[in-house]
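> Here's a structure for you.
The values are calculated or read from the model by the stated rules, or taken from the named source; none is laboratory data. As the structure is a prediction and not an experimental result, all values here were calculated from the model. Virtual Cβ from ideal backbone geometry, glycine too; neighbours counted across all protein chains shown. In case anyone asks, the SASA skips ligands and DNA or RNA and just uses the protein heavy atoms, side chains included. Shrake-Rupley method; radii C 1.70, N 1.55, O 1.52, S 1.80 Å.
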Amino acid sequence: MNADEVNTTLDRLAHEILKKNNGRPVVLIGIQRRGVPMARRMAIRMAEKTQREPQIGTLDINLYRDDLTRVASHPVVQKTEVPPDIDDRDVVLVDDVLYTGRTIRAALDALCDFGRMRTIQLAVMIDRGHRELPIEPNFVGKKISTKDNEVVEVKLREIDAEDAIYVMEKI
Amino acid sequence: MLKRKDLLGVQDLGREEILEILDTAESFHEVSTRNIKKVPTLRGKTVINLFFEASTRTRTSFEIAGKRLSADVVNISSSTSSVSKGETLIDTAKTLDAMAADCVVIRHFASGAPHTLAKLTKASIVNGGDGAHEHPTQALLDAYTIRHRKGRLNDLKIAIIGDVAHSRVARSNIHLLTKFGSHVWLCAAPTLMPPGIEKIVCENGELLHISHSMDEAVEGADVVMMLRVQFERMSESFFPSVREYFRYYGLTTVRAERAMPDVIIMHPGPMNRGVEIATEVADGPYSVILDQVSAGVAVRMAVLYLLLGG
């Protein structure tokens, strides 16, 4: 996917989220790291359409991982900033790639420590299959079929200096 | 990445390791601001606080840090343990190791006690203060507080004033702050300034200054760190009277005015009000003494996470 396609996809995701939520204000929570700029960009698009900027937050899931004792070195813990009045709100989790579903499992646990939301929805740029947990996204940018030995890399200019998506073979 | 089993002192920590701990602590600080102040990160890990000296904030701070990360925390104090029956330190440590503790935080009156244990245990050893040697987590939380207020750790004038002779806090802070290129001014009465203290800094030795005049040390300082007079470690008399000590080495509002207008006043606690610090300074607008306590929890969470997680 090139930069244009990435931006069109974000446009469409933002539009679908608005439509599905019937004008109710949503809170976009980006999962560190690339979910964060995704959520920010989608919020800007939603503000253009509705003249109302949705609240955004960031979530680091490393403290909730189920494989902390198995990964070789501890992952770097980034900032978590969830809006304080999140009870009874409609929350959309935003992440770049949905794969095994374990990140989202951790994110759900993390979110539940902040209160009881009305709904939690999931928006991802790429769904690459191979789920290991019963988790399905509500909004998908693009669904692609991949092999286990492939890596899907979403690049966003805020972090990687370019907008692009690559599917590569693991070396 | 922090790739070590134990945290024994600041002296052998690299700048990158220190920054990693401080950056991680920034992220952990958020957990303490939540309604539900707990994350499951260290579920199933056991942290033992083994304290051979009295402590309120360090022990409680480690306990809260461990509990907020969902570790099981056990407190042992020497008076209620088998130590009072004559068990040696090494036997106590081996016993805790046999119970599969993951981390032992030790405070001991003998310098080097944590280093001895670290060689014998599978558990990670964290130095919670050993004699007059080091107190690494205190220096780290001080650095966290300074960086938070000043935005940097380099090119600052930091005055450390008081009972340097008995202070492990001073030693750990000297190591940390000179590593980052700040000027450290040590100031104490001659009886409370150990001879040869300037030799403890291996590199950047020129950044350490010694003075017996408090006015000189405080002049233009960005940070004034007061040390407690440790009466419990004094078998003889180091100064004629508390009143005379306060007159020469106590921090008053008038003295604090010699420092930079945005000075921060620090104290590792517990304070002797009216001995090393006047009450109106301790409770005044420049005091960050309680910020230090809050930082302590975040820094200790970071240390436990970096040693035990992953």
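> Using the charge dipole of chain B (Lys, Arg: +1 at Cβ; Asp, Glu: -1 at Cβ; taken about the Cα centre), state which of B:55, B:78, B:229 has its Cα farthest towards the positive end.
Value computed over the given set: B:78.
> Could you compute how much accessible area chains A and B hide from each other, both sides summed, with a 1.4 Å probe? Nearest 100 Å² is fine.
Values: alone 9460 and 13370 Å², together 21240 Å².
Adding both sides of the contact gives about 1600 Å².
> Just to confirm the filter: which trypsin sites (Lys or Arg not before Pro) across segment A:35-112 are DSSP coil and have at most 14 other Cβ within 10 angstrom of their Cβ?
Details: sites: A:40, A:41, A:45, A:49, A:52, A:65, A:70, A:79, A:89, A:102, A:105; in loops: A:52, A:65, A:70, A:79, A:89.
Hits after loop and neighbour filter: A:52, A:70, A:79.
> Leaving out ligands, DNA and RNA, and with a 1.4 Å probe, what % of the accessible surface on chain B is carbon or sulfur? Each step should come with its number before you reach the end.
On the way: 6670 of 12580 Å².
That fraction is 53 percent.
> OK, next. Where does the Debye-calculated log10 I(q)/I(0) of chain B sit at q = 0.09, 0.12, 0.13, 0.14 Å⁻¹, using only Cα point scatterers of equal weight, no solvent?
Those come out to -0.44, -0.78, -0.92, -1.06, one per q.
> Given H placed on each backbone N at 1.01 Å, which residues far from residue B:45 in sequence or on other chains put an amide H within less than 5 Å of it?
HN-HN under 5 Å from residue B:45: B:72.
> Based on the Cβ-Cβ distance from residue B:30 to residue B:216, what FRET efficiency comes out when R0 is 45 Å, to the nearest 0.05? Before the final figure, lay out the partial values.
Numbers: r = 41 Å, r/R0 = 0.91.
Using R0 = 45 Å, I get an efficiency of 0.65.
> For segment B:28-37, in order, what is each residue's ³J(HN,Hα) by Karplus, 6.51 cos²θ - 1.76 cosθ + 1.60 with θ = phi - 60°, in whole Hz (x at glycine and Pro)?
6, 4, 4, 4, 6, 9, 7, 5, 9, 8
> Going down the table (A:155/B:3; A:49/A:142; A:79/B:45; B:5/B:38; A:19/A:142), which pairs top 20 Å between alpha carbons?
Values: A:155/B:3 30 Å; A:49/A:142 23 Å; A:79/B:45 24 Å; B:5/B:38 24 Å; A:19/A:142 18 Å.
Pairs exceeding the cut-off: A:155/B:3; A:49/A:142; A:79/B:45; B:5/B:38.
> Do any residues of segment B:28-45 show a loss of at least 10 square angstrom of accessible area between the isolated chain and the full protein assembly, using a 1.4 Å probe, and if so which?
B:28, B:30, B:34, B:36, B:38, B:39, B:40, B:41, B:45
> At 1.4 Å probe size, with the rest of the protein present, what percent of the exposed accessible area of segment A:27-135 is carbon and sulfur atoms? The partial results should precede the final answer.
Working: 2230 of 4730 Å².
With neighbouring chains kept in place, the figure for segment A:27-135 is 47 percent.
> How are the C-alpha pair distances of segment B:155-310 spread across 10 Å bins, as whole percents from the shortest bin up?
So the P(r) values, bin by bin, are 11, 40, 35, 12, 2, 0.
> Also: By average Cβ neighbour count within 10 Å, what is the ranking of A:143-152, B:37-46, A:23-32 from highest down? Don't jump to the answer; show the numbers that get you there.
Working: A:143-152: 12.7, B:37-46: 18.2, A:23-32: 20.5.
Ranking the peptides A:143-152, B:37-46, A:23-32 by packing returns A:23-32, B:37-46, A:143-152.
> Suppose R0 equals 45 Å. What FRET efficiency, 1/(1 + (r/R0)^6) with r the Cβ-Cβ distance, do residue B:97 and residue A:164 give to the nearest 0.05? List each step's numbers first, then the result.
Values: r = 51 Å, r/R0 = 1.14.
After rounding to 0.05, the efficiency reads 0.30.
> Give the dimensionless ratio obtained when the Cα radius of gyration of segment B:200-271 is divided by 2.2 N^0.38 Å. List each step's numbers first, then the result.
Numbers: Rg = 14.0 Å, N = 72, 2.2 N^0.38 = 11.2 Å.
This ratio for segment B:200-271 stands at 1.26.
> With θ set to phi - 60° and the Karplus curve 6.51 cos²θ - 1.76 cosθ + 1.60, what are the ³J(HN,Hα) couplings of segment A:122-138 in order, to the nearest whole Hz, using x for Gly and Pro?
10, 10, 10, 6, 10, 10, 9, x, 6, 5, 10, 9, x, 10, 10, x, 8
> Segment B:259-310 to segment B:128-154: how many Å between their Cα centroids?
Taking the Cα centre of segment B:128-154 as reference, the centre of segment B:259-310 is 9 Å away.
> Same structure, new question: Using per-residue counts of other Cβ atoms within 10 Å, averaged over each peptide, order B:52-58, B:23-29, B:128-134 from highest down. Don't skip to the end; give the middle numbers.
Values: B:52-58: 16.4, B:23-29: 21.1, B:128-134: 23.3.
Highest mean packing first, the order is B:128-134, B:23-29, B:52-58.
> In cubic angstrom, how much convex hull volume per residue do the alpha carbon atoms of segment B:54-163 span? The partial results should precede the final answer.
Values: hull volume 15.3 nm³, N = 110.
Given the Cα convex hull of segment B:54-163, per-residue volume reads 140 Å³.
> Can you tell me the relative contact order of segment B:99-149? Whole percent, Cα pairs under 8 Å, sequence separation 6 or more.
On the way: 64 pairs, mean separation 17.4, N = 51.
So the answer I get is 34 percent.
> Here's something else I'd like to know. Tell me, what ³J(HN,Hα) does each residue in segment A:26-31 have, in order and in whole Hz, if you take phi through Karplus 6.51 cos²θ - 1.76 cosθ + 1.60 with θ = phi - 60° and put x for Gly and Pro?
For segment A:26-31, the Karplus-derived couplings read 10, 10, 8, 10, x, 8 Hz, x marking Gly and Pro.
> Pull out the extension gain between residue A:15 and residue A:50, defined as 0.36 nm times the separation in residues minus the alpha carbon to alpha carbon distance; nm, one decimal. Spell out each step's value before the answer.
Details: separation 35, 0.36 × 35 = 12.60 nm, distance 1.04 nm.
Stretched fully, the residue A:15-residue A:50 segment lengthens by 11.6 nm.
> Can you run the Rg to Rh ratio on segment B:253-296? Use alpha carbon positions and the Kirkwood inverse-distance Rh. Could the numbers behind the result be given before it?
Values: Rg = 10.4 Å, Rh = 10.9 Å.
Radius of gyration relative to Kirkwood radius: 0.95.
> Of the beta bridges DSSP finds with both residues in the protein assembly as shown, what % are antiparallel, to the nearest 5? Before the final figure, lay out each step's value.
Numbers: 8 of 66 bridges.
Around 10 percent antiparallel, to the nearest 5.
> Related question: Assuming R0 = 51 Å, what is the FRET efficiency of residue A:5 and residue A:116, from their Cβ-Cβ distance, to the nearest 0.05?
Working: r = 37 Å, r/R0 = 0.73.
FRET efficiency, residue A:5 to residue A:116: 0.85.
> A further question follows. Starting from the Cα coordinates of the protein assembly as shown, work out the convex hull volume and express it per residue in Å³. Walk me through the numbers before you get to the answer.
Values: hull volume 85.3 nm³, N = 481.
So the per-residue Cα hull volume is 177 Å³.
> Can you give the Rg to Rh ratio for segment A:53-171, taking only C-alpha atoms and Rh from Kirkwood? Can you show the working numbers first?
Values: Rg = 15.2 Å, Rh = 15.8 Å.
So for segment A:53-171, dividing Rg by the Kirkwood Rh gives 0.96.
> Please give the average number of partner chain Cβ atoms lying within 10 Å of the Cβ of each residue in A:60-68, rounded to a whole number. Walk me through the numbers on the way to the answer.
Working: counts 2, 0, 6, 13, 3, 4, 1, 1, 9.
That average works out to 4.
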